[in-house]
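The values are calculated or read from the model by the stated rules, or taken from the named source; none is laboratory data. Because the structure is a prediction, the values reported are computed rather than measured. Cβ: placed from backbone, ideal geometry, glycine included. Neighbour counts: every protein chain shown.
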Amino acid sequence: MHKFLLTLAAVLFASTAAMQAQAPVANPPAPAATSASSAAIPPAPVQPIAFNHKQHMQDAKMSCKDCHEPRGNGSTLAMPQPPTCMRCHNTVATDNPDIKRVAEAAKNEDPIQWVRVYRIPSFVTFSHKTHSAATCEQCHGPVAERTAIALEKETNMATCIACHQAKGAPATCGTCHAVISQNGRPPFDADRTVLALLHRQPSPRPAAAEPAWHRSSRATPRLAALATFLYAPNL
């Protein structure tokens with residue numbers, strides 16, 4: 001009888017172990033998903049003055065144009081400098097260390113060297129005035145919700161073309177790459193010799209009568225003249 005009980009216990013133990021081995025293992029909890037948008041946003045650069053956009057726009061009810069005033073014909077917007085800041089901060093938050101530095105800079109007529117976040121190449125013709133119908137958030141992200149500004153929106157060619165097409169705006173090459181000449185004329189109308197030089201097909205074999213170094217030195221002044229003739233504004 002004792003031997004029978006021992007045998008039965010062994011059988012039950014083996015059966016339980018086999019059932020546990022065959023039972024499916026529960027999947028481990030999945031790691032928390034990381035937001036693609038937050039992962040793609042680089043950290044905001046450290047600025048010489050800790051300017052809080054959220055505080056100024058939500059608490060002080062300021063707009064972008066209060067600090068970023070149009071410059072020249074309105075195609076570009078200025079970065080705020082001490083005189084602009086001191087219009088309010090002559091009496092507001094005067095004990096703040098950053099405001100004291102701004103006040104000192106205004107007194108000494110020193111500019112604030114802001115670290116630029118958004119930049120487009122000089123060969124791209126962009127005008128804030130032309131895009132005045134768009135909101136600042138469309139190109140710069142939710143500025144009013146940010147304590148510091150980071151590069152949240154791409155300003156590359158694909159983004160600009162997609163926006164233009166969605167709004168039915170022109171999206172030809174000349175729309176954004178209109179080359180401006182110093183004398184108001186298309187640059188290649190000025191010197192047909194240079195134009196011919198740029199479009200000249202390479203000959204099958206170099207002329208033996210003129211060394212290669214001589215030809216390159218003769219062509220360089222013409223190409224240099226073209227480079228100085230063209231003018232692409234920095235925006």
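When segment 132-149 is filtered for residues that are surrounded by 15 or more Cβ atoms within 10 Å (Cβ to Cβ) and either farther than 22 Å from residue 84 by Cβ or in contact with a Lys or Arg (Cβ under 7 Å, 6 or more places away or on another chain) (or both), the ones remaining, listed by number, are 139, 140, 141, 144, 146. Any residue in segment 78-99 that is surrounded by 13 or more Cβ atoms within 10 Å (Cβ to Cβ) and under 25 Å from residue 176 (Cα atoms)? Yes, segment 78-99 contains a residue that is surrounded by 13 or more Cβ atoms within 10 Å (Cβ to Cβ) and under 25 Å from residue 176 (Cα atoms).
Taking segment 134-186 as the range and being at pLDDT below 90 and at positive phi as the test, only 184 passes. For residue 222, the requirement of being in a helix (DSSP H, G or I), charged (D, E, K, R) and at pLDDT below 50 is met.
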